[in-house]
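Structure record follows, encoded as structure tokens.
Laboratory data are not the source of any read-out in this text; all were calculated from the coordinates shown. Computed from a predicted model, the values in this text were never measured in an experiment. Every residue, glycine among them, receives a Cβ derived from its backbone with ideal geometry; neighbour counts consider all protein chains shown.
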Amino acid sequence: MKCKLCLHEKPLLKRSHIVPNFMYKSMFNGGKRLVSINTNDIGGKVKFMQTGYTESNLLCANCDNGILSRLERFASLNIYSEPSANSLVTRKEYDEGGEIIPYIRFENLDYTNAKLFFLSIIWRCHISKLEVFSDVNLGEHAEQIRRMILDNDAGDEKRYEVVLIHIDTDGSRPSKAVIDPRQYTSEGNTFCIFHINEIMYHFNISEHNKIDLFTKASIQKDNIMDIAKLKGKWARMHFDMYMGRKLLMKSNIKH
Ligand SMILES: [Zn+2]
């Protein structure tokens, strides 16, 4: 069978993660159990997620244990854990008050590795046949993103932008949850959103009519990544705008 990343005929692995397990851990507040919400489920069934989704016959050992694991190690060490003393990557919180939204700034975070790691997640959602990822369809962009991952080329800053936003709704919304990735098309612009444990990952797929967010907050070649921290009213508004009030109504989480 053909590996979906290198396209070579090779024996394929029986178990490939679509989303690496460390992404489910909180980036900021230690490990609590997560709720998983299926937005297509009318009953709004809520279940606890133990491990990430895996799938067979997607990738060869070289691609999964080589290319993708290398990106995962980078992200796990530099983004999803406290930076170690000998790491060049720094992480600092800024709260300047006034009109400026508090944010967490990563510095010296390699643009190529960070961007390709996040793109590899949405690309894996695209190649997955699992129902939970069925909303993601990158169309012709899947091939371009595949090449970028394979060639270790994160490309131009303005292409396939990635924005992370930390959402703290203080329990008023199910923001400590994994919510199936969703794809939106609005006025010719296509973007995907994947919400995992208080972090909303925004992926810009098409180049025109981008939402404002992408021009302001996406990962840049200066190796700086900012994660805006939305709290209170702003967090609820952002959550509701993208995940929808319906989700809140459908879920049977009580607040
Ligand atoms: Zn391969």
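Over the stretch 110-255, what is the relative contact order in percent, taking alpha-carbon pairs closer than 8 angstrom and at least six residues apart? Don't jump to the answer; show the numbers that get you there.
Details: 227 pairs, mean separation 38.0, N = 146.
Computed over the stretch 110-255, the figure is 26 percent.
Normalised by the number of residues in the chain, what is the relative contact order in percent for Cα pairs under 8 Å and 6+ residues apart? Before the final figure, lay out each step's value.
Values: 460 pairs, mean separation 54.5, N = 255.
Worked out over the chain, it gives 21 percent.
Apply the membrane-span-like helix rule to the chain: whole DSSP H runs, Cα extent along the own long axis of at least 15 Å, mean Kyte-Doolittle hydropathy at least 0.5. List the helices found. Before the final figure, lay out each step's value.
Numbers: long enough: 111-127 (24 Å, 0.72); 232-243 (16 Å, -0.62).
Once both thresholds are applied, what remains is 111-127.
Is there a pair in LYS4/LYS231; LYS25/LYS115; LYS25/LYS233; LYS129/LYS176; LYS115/LYS176 whose C-alpha atoms are over 29 Å apart, and which pairs would that be? Intermediate values should be presented prior to the final figure.
Numbers: LYS4/LYS231 39 Å; LYS25/LYS115 20 Å; LYS25/LYS233 25 Å; LYS129/LYS176 25 Å; LYS115/LYS176 24 Å.
LYS4/LYS231, as the Cα separations exceed 29 Å there.
Mind ranking 169-180, 79-90 by how tightly packed they are, going by the mean number of other C-beta atoms within 10 angstrom, highest first? Don't skip to the end; give the middle numbers.
Working: 169-180: 19.6, 79-90: 12.6.
Highest mean packing first, the order is 169-180, 79-90.
Which residue, MET148, MET200, MET225, tops the fluctuation ranking in a GNM of the chain built on C-alpha contacts under 10 Å?
MET148
Would you order TRP234, TRP123 from fewest to most other beta-carbon atoms within 10 Å of each residue's own beta-carbon? Let's see the in-between values first.
On the way: TRP234 16, TRP123 26.
If I rank by nearby Cβ atoms, fewest first, I get TRP234, TRP123.
Counting only residues 5 or more places away or on other chains, whose amide H sits under 5 Å from the amide H of VAL178 once H atoms are built in the peptide plane?
VAL35, SER36, ILE37, ASN197
Counting each DSSP H run of 4 or more residues in the chain as -39500 (n - 2.57), what helix-only mean residue ellipticity at 222 nm follows after dividing by all residues, to the nearest 500 deg cm²/dmol? Mind dumping the intermediate values first?
Values: 6 runs with 61 residues, N = 255.
Here the helix-only value at 222 nm equals -7000 deg cm²/dmol.
Run the simple label-point estimate for ASN86 and GLN220 please: 7 Å along Cα→C-beta, distance reported in nm.
About 3.2 nm separates the two model spin labels.
What residues have an amide H closer than 5 Å to that of LEU5, excluding those fewer than 5 places away on the same chain, when H is modeled at 1.01 Å from N in the peptide plane?
Residues meeting the criterion, in which the H sits 1.01 Å from N, are CYS60.
Calculate the tail of P(r) for the chain: the fraction of all Cα-Cα distances greater than 34 Å, expressed in %. Write down the numbers at each step before the final one.
On the way: 4190 of 32385 pairs.
So the portion of pairs separated by more than 34 Å is 13 percent.
Can you give the FRET efficiency to the nearest 0.05 for LEU77 and GLN144, using r as the Cβ-Cβ distance and R₀ = 35 Å? All intermediate terms of the calculation are to be shown ahead of the outcome.
Working: r = 28 Å, r/R0 = 0.79.
Once rounded, the FRET efficiency stands at 0.80.
Who wins for biggest fluctuation among GLU99, GLU198, GLU143 in a Gaussian network model of the chain, springs between alpha carbons below 10 Å?
Greatest mean-square fluctuation among the candidates belongs to GLU99.
Using a simple spin-label model with points 7 Å from Cα along the Cα→Cβ vector, what separation in nm is obtained for ILE211 and GLU93?
That separation, rounded to one decimal, is 2.5 nm.
Excluding same-chain residues fewer than 8 positions from LYS221, which aspartates and glutamates have a Cα within less than 13 Å of its Cα?
Cα-Cα hits under 13 Å: GLU107, ASP110, ASP153, ASP156, GLU157, GLU161.
Extension gain ASN21-SER186, at 0.36 nm per residue separation less the Cα-Cα distance, in nm?
Taking 0.36 nm per residue and subtracting the Cα distance, the gain is 56.3 nm.
With springs only between Cα atoms under 10 Å apart, run a GNM on the chain and tell me which of GLY139, GLY98, GLY66 wobbles the most.
Answer for the Gaussian network model of the chain: GLY98.
For THR54, THR185, what ranking results if the residue with the fewest other Cβ atoms within 10 Å of its Cβ goes first? Write down the numbers at each step before the final one.
Details: THR54 16, THR185 11.
If I rank by nearby Cβ atoms, fewest first, I get THR185, THR54.
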